[in-house]
Structures are given as C-alpha cells and as structure tokens.
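Take a look at the structure set out below.
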Amino acid sequence: MKLKQRVVLLAILFVIFIFMKVFLIDNLDTSAANREDQRAFHRMMASLRVELDPRLDHTLQSPWEIAAQWVVPREVYPEETPELGAVMHAMATKKIIKADVGYKGTQLKALLILEGGQKVVFKPKRYARDYVVEGEPYAGYDRHNAEVTAFHLDRILGFRRAPLVIGRFVNLRTEIKPVATEQLLSTFLMLGNSTCFYGKCYYCRETEPACADGDIMEGSVTLWLPDVWPLQKHRHPWGRTYREGKLARWEYDESYCDAVKKTSPYDSGPRLLDIIDTAIFDYLIGNADRHHYESFQDDEGASMLILLDNAKSFGNPSLDERSILAPLYQCCILCPLLQVSPNTVLEERFPEAIPLPSLQKTEQLPALLVFIFTEPRWSLDSSHLQAGKPVNRMFYASGFPPGTD
C-alpha cells in the first residue's frame, strides 16, 4: 500500500475513533443523567406514598387536631407529613354522626360531620370511570375522582394548597339517612332498587339525582379547613362570562394582565403568581371552571390561593383547553418551581417571580405527571404536555431561544 493511501486510511480511522469516543461519552453522560432522573423519581414517589395506617403512636392528639395545626397562610399541609396516612384513614372510616345539605354552590354535595366533630364535604359519583363529558370544557356534573386526583397532583407539584381528599363508600340507608337533617332527608328518593338524593344547590334538581348502587354510594371526601382560618371568596380575574357570544375582557385584550397588575391584591405580594401557578395546575387537570377562588380572610393578599373545588376536571381526555393558560401567556412570569428539571421538582419554592426569557427547560416539568394517573385514558400523553408551548413562544418573541442563558 502506498504511503498516500496509508495516510488517508489512518486519517479515516482517526476520524472514526474520535467520533465513536465522543458518541460513547455523550451516551454515557446521557445514561448517567437518565439514571439520576430515575433515582430522583423513585425517591420522590417514595416520599409521596401514603400508608393508610390509623395509628398515631407518638401523640395523644386526634387526627383532626393534627390536621388543623398543619394549616398556615401559605400551606394547607406541610411537606413532611408522617401523620397524613392516619388523617386520611380517619376521613375514610370514621363514623358519620351528622349529614346535611352542602354549602352554597352550583353542584351537588353533602356536608358530613365525622366522629370527633370534623366536617368533611362529600361529593357523590355521577359518572362511570370511562364516561367522556362532551361540550364546553366546563360542562357536566362534578367528578368526584377528579377531586382525589387533583389533591395528589397538588402534592406532586409541591404547592400544598389543596385540602386533603380521599375516596369513600357510604351506605345511604344505614349511614346517612339516620343522621340526616330534614332538609337533606327531604331530597332522598328511590329509583328502582337504588337510593338517590339531589340535595340543595343552584343546579340541583329532583329530576337529576345522584344514585347509589343499591344503597352503597361512592364519592370523595374533602377535609374542611379549620374554623379559625375563615375563607374569603374572590372573583377570578380570568373568569369566563358563561354567556354565549359575550367575551370576558381577557379573551380579546392581550394587554389585560397590565390592567390586573394595577389592581389589589395583584399589584403586590404573591397573589398574581398564585393565579399563574393555578392556571398551569388547572390546565393539567382540564379545569376551565375556576370562576372564583378562595384565600384566607383579611390576608391583604399575603395568603395562598386555596385550590378548592377541582371536580370540574378530567371530563374529556381528548380536549386541551388552551385558554386556561391565559394568565401565563398574557403575564409572562412564573415561579421558580415551574422551570426546574424533574430531579429538583420537590425543592423549596421561592416567592420571587422569574421573567420568562430567563427560564430554561420549562418543558421538562410535565414529564413527571404521566405517573399520576393509573388508568391509561387519563394519562398525560403528548397532547396534554402543551403547557410549555406558550413558554417557548415567549422565549422566541423575547429573542431568547429555549435553553439559552
């Protein structure tokens, strides 16, 4: 072989060697990163696992006293909650000593008092698991299992702003009717062999009752917040009109957020950031019905936006309602939690806002959420991971491609 040919061959072999070395190192780095993300995910799942153990060996307090002490202006429950399983076990099993119609609202619910004096809200099952709610994104009855799922998503995101929720079966004939008030009892009826009730609410009708399977009714139980923390109701600045042909201002005015920032309590403090957090939360669960929200009373905008009433969610797994994200893409700010990678998703949140052009890897956040839902029809597939798209668009509009410094 001539010298020239040998030089060419050596050059080719050298290029191949360099390419393979770079490729292998890159793959090793990627594999190491993937392994670390997997380990972080398993650590996170272990920390979120709840054992429904009724024992409270280290304290003489009741589950209700423990849960009441958890509540502070920016959290309903703390990150470290070894007693969570005992509290939720009590919610699912404690004897019902009184049943009444639910508090004011548009949807059917019952107010129950459990042994020990704890109030809970019971929302009955209205749909089969695989039922798809057609029509407007806020159409249909409340979904009791949506309340349960939303609570656990609140835990995964580290918001800790949703009251505790668990599923429960109740016997309407033996557990509810004997302790029901006259007002609630007057709404009970029989349809065939099934016990039903329609309660008292804006849309409650005798012609549209919730019915048990015989006497056994499935539902969700939401822990009532302590009376020492009274709630204040606010109209959501991005609420809908619910009138055909009539748009809210935010639906046609792209500078609407500028006006919101000039009004209390959004002109200072964390409330506007809470609104944006909640918009992303609502988009992930498909809740387009947050026309009002609650905070703690007399807080001057310092308390959190409490994630109550999440049952108008998971109605249609094929529907992605982009307008839910309007606070995000009109205000263009985020809290730091929503821009971190999965292995740091449970790190402590900070109150300062981050302008979107400085964010990186925002699209990684929803990757964890595919693990929330056990049934495939409710998994967050690619069509549900669109929350990062408005963020990316704002990166480009600001001259900062995603991932740049």
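The values are calculated or read from the model by the stated rules, or taken from the named source; none is laboratory data. These figures come from a predicted structure and were not determined experimentally. All Cβ positions, even for glycine, are placed from backbone atoms using ideal geometry, and neighbour counts span all protein chains on display. We work out accessible area using only protein heavy atoms, side chains counted, and drop any ligands, DNA or RNA first. Shrake-Rupley method; radii C 1.70, N 1.55, O 1.52, S 1.80 Å.
Among the residues of region 144-151, is any among the small types (Gly, Ala, Ser) and under 16 Å from Arg126 (Cα atoms)? Quick ask: steps written out before the conclusion?
The first filter runs over region 144-151 and keeps only residues among the small types (Gly, Ala, Ser), leaving 146, 150.
Now restrict to residues that are under 16 Å from Arg126 (Cα atoms): 146.
Checking region 144-151: at least one residue is among the small types (Gly, Ala, Ser) and under 16 Å from Arg126 (Cα atoms).
Write out, first by first residue and then by second, each pair whose Cβ atoms fall under 8 Å of each other, whose residues are 6+ apart or on separate chains, and whose first residue, in region 86-101, is on the phi < 0 side of the Ramachandran plot while the second is of a type in the set (Ser, Thr, Tyr) and modelled with pLDDT of 95 or more.
Correct list of pairs: Lys98/Thr181; Ala99/Thr181; Asp100/Thr181; Val101/Thr181; Val101/Thr187.
Could you count how many residues in region 228-261 are among the basic types (Lys, Arg), closer than 25 Å to Glu136 by Cα and more than 23 Å from the chain's Cα centre (by Cα)?
Restricting attention to region 228-261, the residues satisfying the condition of being among the basic types (Lys, Arg) are 233, 235, 240, 243, 246, 249, 261.
After this cut, where a residue has to be closer than 25 Å to Glu136 by Cα as well, the list is 233, 235, 240, 243, 246, 249.
In the following step, the residues that additionally are more than 23 Å from the chain's Cα centre (by Cα) were identified as 243, 246, 249.
The qualifying residues number 3.
Give the residues of region 279-321 that are out of contact with any helix residue (DSSP H, G or I) (no Cβ under 8 Å at 6 or more places or on another chain) and among the β-branched types (Val, Ile, Thr), sorted by residue number.
Scanning region 279-321 gives a single hit, Ile306.
Can Val132 be described as touching a helix residue (DSSP H, G or I) at 6+ places or on another chain (Cβ under 7 Å), β-branched (Val, Ile, Thr) and either assigned by the TED database to the domain that holds Tyr198 or in contact (Cβ under 8 Å) with a residue 60 or more places away in the chain (or both)? Before you say what the answer is, go through the steps one by one.
On the way: touching a helix residue (DSSP H, G or I) at 6+ places or on another chain (Cβ under 7 Å): no; β-branched (Val, Ile, Thr): yes; either assigned by the TED database to the domain that holds Tyr198 or in contact (Cβ under 8 Å) with a residue 60 or more places away in the chain (or both): yes.
Judged against the criteria, Val132 is not a match.
Step by step: first the residues of region 182-200, then only those that are touching a residue at least 40 places away in the same chain (Cβ under 8 Å) and open to solvent by less than 30 Å² (accessible area, probe 1.4 Å), then the one that is nearest to the chain's Cα centre (by Cα). Which residue is that? Please lay out each step first, then the result.
Residues of region 182-200 touching a residue at least 40 places away in the same chain (Cβ under 8 Å): 183-184, 187, 197-200.
Right, trim to open to solvent by less than 30 Å² (accessible area, probe 1.4 Å) and you get 184, 187, 197, 199.
Details: Leu184: 30, Thr187: 32, Phe197: 28, Gly199: 27 Å.
Checked region 182-200; the qualifying residue nearest to the chain's Cα centre (by Cα) is Gly199.
Scanning region 44-68 for residues that are in a loop (DSSP other than H, G, I, E, B) and under 19 Å from the mean Cα position of the chain (by Cα), which turns out surrounded by the fewest Cβ atoms within 10 Å (Cβ to Cβ)?
Of everything passing the filter in region 44-68, Arg49 is surrounded by the fewest Cβ atoms within 10 Å (Cβ to Cβ).
If the requirement is being open to solvent by less than 80 Å² (accessible area, probe 1.4 Å) and more than 23 Å from Glu136 (Cβ to Cβ), which of these qualifies: Ser264, Ser268? Quick ask: steps written out before the conclusion?
Working: Ser264 fails: open to solvent by less than 80 Å² (accessible area, probe 1.4 Å).
Matching residue, one of Ser264, Ser268: Ser268.
Going by what's in this entry, would Arg173 be described as touching a Phe, Trp or Tyr at 6+ places or on another chain (Cβ under 9 Å) and among the charged types (D, E, K, R)?
Values: touching a Phe, Trp or Tyr at 6+ places or on another chain (Cβ under 9 Å): no; among the charged types (D, E, K, R): yes.
Answer is no for this residue.
How many residues are basic (Lys, Arg), assigned to a loop (DSSP other than H, G, I, E, B) and crowded, with 22+ Cβ neighbours inside 10 Å when one looks only at region 69-127?
Going through region 69-127, the residues basic (Lys, Arg) turn out to be 74, 94-95, 98, 104, 109, 119, 123, 125-126.
Retained after the next criterion (residues that are assigned to a loop (DSSP other than H, G, I, E, B)): 74, 94-95, 104, 109, 125-126.
Filter again for crowded, with 22+ Cβ neighbours inside 10 Å, leaving 109.
Within region 69-127, residues that are basic (Lys, Arg), assigned to a loop (DSSP other than H, G, I, E, B) and crowded, with 22+ Cβ neighbours inside 10 Å number 1.
So which pairs qualify, if the first residue must be in region 248-260 and farther than 11 Å from Cys331 by Cβ, the second must be at pLDDT below 95 and surrounded by fewer than 13 Cβ atoms within 10 Å (Cβ to Cβ), the Cβ gap must be under 9 Å, and the two must be at least 6 apart or on different chains?
From region 248-260, the pairs are Ala248/Thr241; Glu251/Thr241.
Give me the pairs, please: first residue somewhere in region 30-47 and under 19 Å from Leu153 (Cβ atoms), second residue anywhere and at pLDDT below 70 and aromatic (Phe, Trp, Tyr), beta-carbon distance under 9 Å, and either six or more positions apart or on two chains.
Phe41/Phe371; Met45/Phe371
Can you name every residue in region 128-147 that is surrounded by fewer than 19 Cβ atoms within 10 Å (Cβ to Cβ) and either of a type in the set (Phe, Trp, Tyr) or not in a loop (DSSP other than H, G, I, E, B) (or both)?
Tyr131, Tyr138
Would you be able to tell me the number of residues in region 245-289 that are of a type in the set (Asp, Glu) and either part of a helix (DSSP H, G or I) or under 16 Å from Ala162 (Cβ atoms) (or both)? Break it down into steps so the answer makes sense when it comes.
Residues of region 245-289 of a type in the set (Asp, Glu): 251, 253-254, 258, 267, 274, 277, 282, 289.
Imposing the further condition that a residue be either part of a helix (DSSP H, G or I) or under 16 Å from Ala162 (Cβ atoms) (or both) reduces the set to 251, 258, 274, 277, 282, 289.
Here the count works out to 6.
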